Amino acid sequence: MSEADAFYITTPIYYVNDVPHLGHAYTTIACDALARFMRLDGKRVMFLTGTDEHGQKVEKSAQAAGEEPQAFTDRVSRRFRDLTVKLGATNDDFIRTTEPRHTRASQAIWKALVAAGDIYLGSYAGWYSVRDEAFFAESELSKGEGGTRCAPSGAPVEWVEEPSYFFRLSRWQQPLLDLYARQPDFILPESRRNEVVSFVKSGLQDLSVSRTSFAWGVPVPNDADHIMYVWLDALTNYITAAGYPDTDCDIYRTFWPADVHMVGKDILRFHAVYWPAFLMAAGVAPPGRVFAHGWWTVEGQKMSKSLRNVVEPFHLVDTYGLDQVRYFLLREVPFGNDGDFSQAALIGRVNSDLANDFGNLAQRTLSMIHNNCAAAMPEPGPLGDDDEALLAGAHGMLGDIRAMMARQAIHEALARIWTEIRAANGYVDRQAPWALRKSDPDRMATVLHVLAEVIRHVAILAQPVVPLAAGRILDQLAVPADARDFRALGAAGMLAPGTPLPKPEGVFPRHVAAGAAKAS
Ligand code: ME8
């Protein structure tokens, strides 16, 4: 994997055949949370996303839109780039496969595969799904409506017969199995790993890696009749962005092999079988991990244009707020499992976890400090068992969460933070600082200081998922910008008594469903 203090994470590069939807936003948000976490934990991070712009599917979409492919991809790619901004994504690069740097890298890997003796000329006769951009054996197909043949994804297939270069994938069966054995966490979650291992064990056919029946792709070096198969072109983006073929450059040496390729389960085979085989054949080290997350349906149904239920991420963020959308997507389903999106579930999470639990804890603590401690950080006195127990929980979070994030268990990390938030709310109820105000103001000051310290921990650790609100809470605690990374968690005396605090304001409003306000 990349150098010990470096972390390289990628999203898939999204097809520009259509505008972005909830699924694309999901993968980008998950990678962003992981990238932000690693940066706060002191790593040098490279977070890559981008667009996949070649192939038959994109060419057909451009034709349907009546545009030249390049003009079409420029336009749709911009929408994906705008989405990264809308989602608060902190990607360090945005790659487009129509860029010259990518043509260069794709042709370089092609030449390396030729030099290794792993490419030969033949002809392909078989089924192809344009929607999946994938070849299928007859045995993998099922009968769809009207007796047409369909790929496992449900997409229609067409018969293709054309001259084609092949990659000797069959030769890489054992090296792939060795890779899975040597790097037991190469594919996560575990259940997905088992699927891939049995697929590879069942035998690998050589793979068609060039097309001749259309022209929208990277030209095959030394054979102008062929363009590269879009998946070989697309997968190569991960090394293009690291500077390949300049394997001596800083960025490549620091960041390759990538630590995590994050993908949806639909494209695991391309990433966990074809990609490491291409890389090993080209003499390039394979990545550290491919994590396949689950699939979102919407109110129980597959997202599709014909059902008119495609969730549009720009609108979603405008309606519910960025932190709210990020939190919901990463908390609602165990990362790796499938999930079902509904407005009701989103509103439920926003109100219970964000407004009631986190928002309320911060708001009532900060208001009490503001009203009863002259708007300055209170001075703590001696600590009792209840105080120590709560603080121990807060101090233990980083170690626990680090282990969870190392295996991309983002939902577990959030659950751990929320355990602490709920413990703190229980502590407020037990300690009743409002009642101490007259009877024991010193004790009230201690309780409020302990709470402020817990909120500091919670907010620092919540930044990767809810960056805006966490930042505003840290502002309200007067935590300086350079004391918001994880090194500041272990440090004592970060909340200096007497520090003036700004007027508190709520950061997580309750969401009232449209129409519900009127009814109540
Ligand atoms: O496959 N639920 O691009 P793509 C969860 N260009 N995630 C979803 C989703 C859903 N319903 N729908 C899409 C491609 N995704 C290729 C990738 S990589 C070298 C080339 C997410 O635009 C998920 O990450 O079809 C999935 O893998 C990806 O979008 C597919 O995006």
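The values are calculated or read from the model by the stated rules, or taken from the named source; none is laboratory data. Not measured: the values here are computed from a predicted model. FYI the Cβ positions are ideal-geometry reconstructions off the backbone, even for glycines, and counts take in every protein chain you see. Remember, those area values only see protein heavy atoms, side chains included, never the ligands or the DNA or RNA. Shrake-Rupley method; radii C 1.70, N 1.55, O 1.52, S 1.80 Å.
All other residues with a Cβ under 10 Å from the Cβ of Ala272 taken together, and with Lys, Arg as +1 and Asp, Glu as -1, what is their net charge?
Summing Lys and Arg as +1 and Asp and Glu as -1 gives +3.
What accessible area, in Å² to the nearest ten, does a 1.4 Å probe give for Val230?
The accessible area of Val230 comes to roughly 10 Å².
If one computes the Cα centroid of the stretch 438-463 and of the stretch 118-146, what distance in Å separates the two points?
Between the Cα centres of the stretch 438-463 and the stretch 118-146 lies a distance of 62 Å.
Evaluate E = 1/(1 + (r/R0)^6) for Lys503 and Arg79, where r is the Cβ-Cβ distance and R0 equals 41 Å; express this FRET efficiency to the nearest 0.05.
Rounded to the nearest 0.05, the efficiency is 0.55.
Take the solvent-accessible surface of the protein heavy atoms, probe 1.4 Å, and return the percent of it on the chain that carbon and sulfur atoms account for.
With neighbouring chains kept in place, the figure for the chain is 52 percent.
Ranked from the most accessible area to the least, with a 1.4 Å probe and all protein chains present, what is the order of Lys86, Lys111, Lys438, Lys60?
Output order, biggest surface exposure first: Lys438, Lys111, Lys60, Lys86.
Quick one: grab the alpha carbon gyration tensor of the stretch 339-456, order the square roots of its eigenvalues as a ≥ b ≥ c, and give me rounded if a/c is under 1.5, else prolate or oblate depending on whether a/b is larger than b/c.
oblate
Hey, what angle do you get for helix 22-40 against the long axis of the chain, alpha-carbon based, 0 to 90 degrees rounded to 10?
The helix 22-40 is inclined about 60 degrees to the chain.
Can you bin the stretch 3-294 into rounded, prolate or oblate? Criterion: square roots of the alpha carbon gyration tensor eigenvalues sorted a ≥ b ≥ c, rounded for a/c under 1.5, prolate for a/b above b/c, oblate for the rest.
rounded
With +1 assigned to the C-beta of every Lys and Arg and -1 to the C-beta of every Asp and Glu, and no other charges, what is the dipole magnitude of the chain about the Cα centre in debye, to the nearest 20?
Computed charge dipole of the chain: roughly 660 debye.
Given a Förster radius of 60 Å and the C-beta distance between Glu162 and Ala344 as r, what FRET efficiency does 1/(1 + (r/R0)^6) yield to the nearest 0.05?
Efficiency, rounded to the nearest 0.05: 0.75.
For the chain, what is the calculated [θ] at 222 nm in deg cm²/dmol (nearest 500), taking -39500 (n - 2.57) for each run of four or more DSSP H residues and dividing by its residue count?
Rounded to the nearest 500, it is -14000 deg cm²/dmol.
Would the chain count as rounded, prolate or oblate if I go by the C-alpha gyration tensor, calling it rounded below 1.5 in a/c and otherwise prolate when a/b exceeds b/c, oblate otherwise?
prolate
Could I have the simple spin-label model distance between Arg402 and Ala4, label points 7 Å from Cα toward Cβ, reported in nm to one decimal?
Using points 7 Å along Cα→Cβ, the separation is 1.3 nm.
Add +1 for every Lys or Arg and -1 for every Asp or Glu among the other residues with Cβ under 10 Å from the Cβ of Trp418, and state the total.
Around Trp418, the surrounding residues sum to 0.
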